[in-house]
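Asks: Right, I'll just put the structure down here and ask away after.
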Amino acid sequence: MPSIKNTLHALDKQTLSSLKIGLEKESLRITENGRLSRTSHPAALGAPLTHPFITTDYAEALLEFITPPSHSSSEALDFLNITESFVHQHLNNEYLWSASMPCTLESEQDINIAYYGHSNIGKMKTLYRTGLGHRYGKSMQVIAGVHFNFSFSSSLWQQLYHLNQCKQPLHTFKNESYMGMIRNIQRYGWLIIYLMGASPAICKSFVKGVPTNLLPFDKKTFYEPYATSLRMGDIGYTNSREGNSGLRISYNSLNNYLRSMHHAINQHCPEYEKIGLIKHGVYQQLNNNILQIENEHYSTVRPKQILQELEKPIDALNMRGIEYIELRSIDINPYNPLGISQEQLNFIEVFMSYCLFQSSPLLTPFDIQNINYNQSLVAHQGRKPGLQLQEWGQTVTMTDRAHTLFDHLYPVAEKLDQAHGSSRYTKTVTKHHEMINDSELTPSANILSDMHHNKESFIEFNLNKSHQHRDYFLNKRLSKEQFNIYRKLSQESIQKQTDLEKKDMMSFEQFLKRYHNSEKKLYKQTVKEDRFNRLLA
């Protein structure tokens, strides 16, 4: 594989500026006093099952905004801005929570699981979430974040293919390169947690009296002095309970990923068998396997393919390979109404590009252990002076390793600036590099500093930000055309859900059986074809 320097030199400007970026942002609906909303999804926002841009995640109160693939991060951010403006105009007296970690949670009974109507697919989506609640508890499921979807143009893949003098098919090279990119994102992903972590504190109601190693900040708040992202730590959005269940997802190739994922969604788990499949005639979970479906694996990054109708993610990857990469380790930035800034998006674009162009050895079990260790360590103690990471059987200070990474990020930023005729990428890399030299510049440090200076609890700090963000969006006037487009989308989504419910011709039990069996049949067929192709080779 050519060096990064040679790769960057060989790629033309137009190729590097041609890409697709999408955003997914989750936000909790809350009351005026910072408690979780118990109301249903607002009808004016349409049907979350069928609306293309406004849906719900785990709970009725957990909104999710989706932008379509855009040609720039600024275009995606503009789309998100318009969407959130429309939403805020229909929230009545409610607000959107400004943080990743949840607002005040009196009890798990307050968390209403998202409802998607009585079509079979709607029932399945709700049942999946019911299973998540039984497996991990409802509180963990209302943690929010921002996901960054990223893909490169076909012209870039053509250039990289010829630059690497490849002999395998182009689609195989593309899949292998994306998987290599994923491995590098895992290796260096602690950097994103350090730079964009914005959850160093939580409301005490989140742990509900369960003993933790967290320290009291005040009567209502727990925190860790050097934490960056408790969301990405041991108490956050992880598959920590699956460590003893046999979950071992491999990223060393797409085939390895598919095989390990297939195993996880088809292998019975004794712990989840105790929950039961049906109790008193009511379904409790989709199945009692290690994973109910692929989405239950809470990795920091995922390979993705656009789904067709009721297609499963593993089937889509099987049939058409990787279309884009989803980065999932970004905390909501409470200092920005949209939850993420343009500067942060610029940096992520540089980081993701570097992870593709940098060579990416296969991951050993020891590597994976180091990756998990470094991620958890930076999440809980990232700003601690002299923090030591684990790398290749040795320890290295986080700051030294970060400086080395930035040495590699600058050339990528310079090439992107040349492609776009700007200086924004180099500037954002420089600004984020300063956070390595001075941890007090990080979002997590700013949050704790402001809470301390203003004598605010976690709830008070984020509630004030939520009020400010609501004012921002209510003061932003949508054009009549923009408003009418979203109103029409809401109306059309309700009609689409109604049509789906009318079309169901089979029982829910039959639907579930057919859904589960479709992946097994396709997987067996793909494995046979893969073996045959290897024999031919």
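The values are calculated or read from the model by the stated rules, or taken from the named source; none is laboratory data. Keep in mind the model is a prediction, meaning the values are calculated, not measured. Here Cβ is always computed from backbone atoms with ideal geometry, including for glycine, and neighbour counts include all displayed protein chains.
Asks: Taking the stretch 1-38 on its own, how many of its residues are touching a strand residue (DSSP E or B) at 6+ places or on another chain (Cβ under 7 Å), part of a loop (DSSP other than H, G, I, E, B) and either of a type in the set (Val, Ile, Thr) or more than 30 Å from CYS203 (Cβ to Cβ) (or both)?
Replies: Of the residues in that region, 0 qualify.
Asks: If we scan the stretch 187-200, do we find a residue that is within 20 Å of ALA445 (Cα to Cα) and over 17 Å from the mean Cα position of the chain (by Cα)?
Replies: First pass over the stretch 187-200, keeping only residues within 20 Å of ALA445 (Cα to Cα): 189-200.
Now narrow it down to the ones that are over 17 Å from the mean Cα position of the chain (by Cα): 200.
Yes, that holds for at least one residue.
Asks: Here's a follow-up. Does ASN256 qualify as being of a type in the set (S, T, N, Q) and more than 16 Å from MET179 (Cα to Cα)?
Replies: For ASN256, the condition - of a type in the set (S, T, N, Q) and more than 16 Å from MET179 (Cα to Cα) - is not met.
Asks: Scan the stretch 475-505 residue by residue and report those that are in a loop (DSSP other than H, G, I, E, B) and either surrounded by 11 or more Cβ atoms within 10 Å (Cβ to Cβ) or of a type in the set (Ser, Thr, Tyr) (or both).
Replies: Answer for the stretch 475-505, where residues must be in a loop (DSSP other than H, G, I, E, B) and either surrounded by 11 or more Cβ atoms within 10 Å (Cβ to Cβ) or of a type in the set (Ser, Thr, Tyr) (or both): LYS476, LEU478, SER479, ASP504.
Asks: Which residues, taken from the stretch 452-477, are in contact with a Ser or Thr (Cβ under 7 Å, 6 or more places away or on another chain) and at pLDDT 95 or above?
Replies: Scanning the stretch 452-477 gives SER457, PHE458, ILE459, ASN462, LYS465, SER466, HIS469, PHE473.
Asks: Among the numbered criteria (1) closer than 29 Å to ASN437 by Cβ; (2) buried (at least 21 other Cβ atoms within 10 Å of the Cβ), which single criterion is violated by ASN213?
Replies: Of the numbered conditions (1) closer than 29 Å to ASN437 by Cβ; (2) buried (at least 21 other Cβ atoms within 10 Å of the Cβ), the odd one out for ASN213 is (2).
Asks: Against the condition hydrophobic (A, V, I, L, M, F, W, C), surrounded by fewer than 21 Cβ atoms within 10 Å (Cβ to Cβ) and in contact (Cβ under 8 Å) with a residue 60 or more places away in the chain, how does ILE306 come out, does it pass?
Replies: Against the criterion (hydrophobic (A, V, I, L, M, F, W, C), surrounded by fewer than 21 Cβ atoms within 10 Å (Cβ to Cβ) and in contact (Cβ under 8 Å) with a residue 60 or more places away in the chain), ILE306 does not qualify.
Asks: Then there's this: Restricting attention to the stretch 499-506, does a residue exist that is touching a strand residue (DSSP E or B) at 6+ places or on another chain (Cβ under 8 Å) and of a type outside the set (Lys, Arg)?
Replies: Checked against the condition, which is being touching a strand residue (DSSP E or B) at 6+ places or on another chain (Cβ under 8 Å) and of a type outside the set (Lys, Arg), the stretch 499-506 yields no hits at all.
Asks: Condition test on HIS41, is it assigned to a loop (DSSP other than H, G, I, E, B) and either under 30 Å from HIS162 (Cα atoms) or out of contact with any helix residue (DSSP H, G or I) (no Cβ under 8 Å at 6 or more places or on another chain) (or both)?
Replies: In short, yes.
Asks: Kindly indicate the residue of the stretch 294-305 that is assigned to a loop (DSSP other than H, G, I, E, B) and at pLDDT 95 or above and also nearest to ASN374 (Cα to Cα) among those meeting that condition.
Replies: Within the stretch 294-305, the subset assigned to a loop (DSSP other than H, G, I, E, B) is 297-300, 305.
Next, only the ones that are at pLDDT 95 or above stay: 300, 305.
Working: THR300: 13, GLN305: 29 Å.
Of everything passing the filter in the stretch 294-305, THR300 is nearest to ASN374 (Cα to Cα).
Asks: Does LEU362 qualify as being surrounded by fewer than 22 Cβ atoms within 10 Å (Cβ to Cβ) and closer than 21 Å to ASN213 by Cα?
Replies: No; evaluated as a whole, the condition is false for this residue.
Asks: Continuing with this model, one more query. Consider only pairs whose beta carbons are under 7 Å apart and that are at least six residues apart or on different chains; among these, list those whose first residue lies in the stretch 170-197 and is assigned to a helix (DSSP H, G or I) and whose second residue is among the acidic types (Asp, Glu).
Replies: From the stretch 170-197, the pairs are MET196/ASP331.
Asks: If you don't mind, another one. Residues that are of a type in the set (Phe, Trp, Tyr), closer than 18 Å to GLN344 by Cβ and in contact with a helix residue (DSSP H, G or I) (Cβ under 7 Å, 6 or more places away or on another chain): does the stretch 474-495 have at least one?
Replies: no
Asks: Every residue in the stretch 334-386 that is among the polar types (S, T, N, Q) and assigned to a helix (DSSP H, G or I), please.
Replies: Once the filter is applied, which keeps residues that are among the polar types (S, T, N, Q) and assigned to a helix (DSSP H, G or I), the stretch 334-386 yields GLN342, GLN344, ASN346, SER353, GLN369, ASN370, ASN372, ASN374, GLN375, SER376, GLN381.
Asks: Report yes if some residue within the stretch 450-473 is of a type in the set (Asp, Glu) and more than 23 Å from LEU91 (Cβ to Cβ); otherwise report no. Before the answer, list the steps.
Replies: From the stretch 450-473, those of a type in the set (Asp, Glu) are 450, 456, 460, 471; that's our starting set.
Filter once more, so that each one left must be more than 23 Å from LEU91 (Cβ to Cβ): 450, 456.
So far as the stretch 450-473 goes, yes, one or more of its residues are of a type in the set (Asp, Glu) and more than 23 Å from LEU91 (Cβ to Cβ).
Asks: Collect the residues in the stretch 340-375 that are under 30 Å from LYS465 (Cα atoms) and among the β-branched types (Val, Ile, Thr), keeping them in residue-number order.
Replies: ILE340, ILE348, VAL350
Asks: Quick test for you: out of LYS431, LYS465, pick the one residue that is among the basic types (Lys, Arg), touching a residue at least 24 places away in the same chain (Cβ under 8 Å), surrounded by fewer than 18 Cβ atoms within 10 Å (Cβ to Cβ) and out of contact with any Lys or Arg (no Cβ under 6 Å at 6 or more places or on another chain).
Replies: Unique residue meeting the criteria: LYS431.
Asks: Name the pairs: first residue in the stretch 50-69 and touching a residue at least 40 places away in the same chain (Cβ under 8 Å), second residue among the charged types (D, E, K, R) and outside any strand (DSSP E or B), Cβ to Cβ under 7 Å, at least 6 apart or on different chains?
Replies: THR50/LYS496; TYR58/ARG129; GLU64/ASP57; PHE65/GLU84
Asks: Quick one: in the stretch 1-24, of everything that is touching a residue at least 60 places away in the same chain (Cβ under 8 Å) and among the hydroxyl-bearing types (Ser, Thr, Tyr), which residue is surrounded by the fewest Cβ atoms within 10 Å (Cβ to Cβ)?
Replies: SER18
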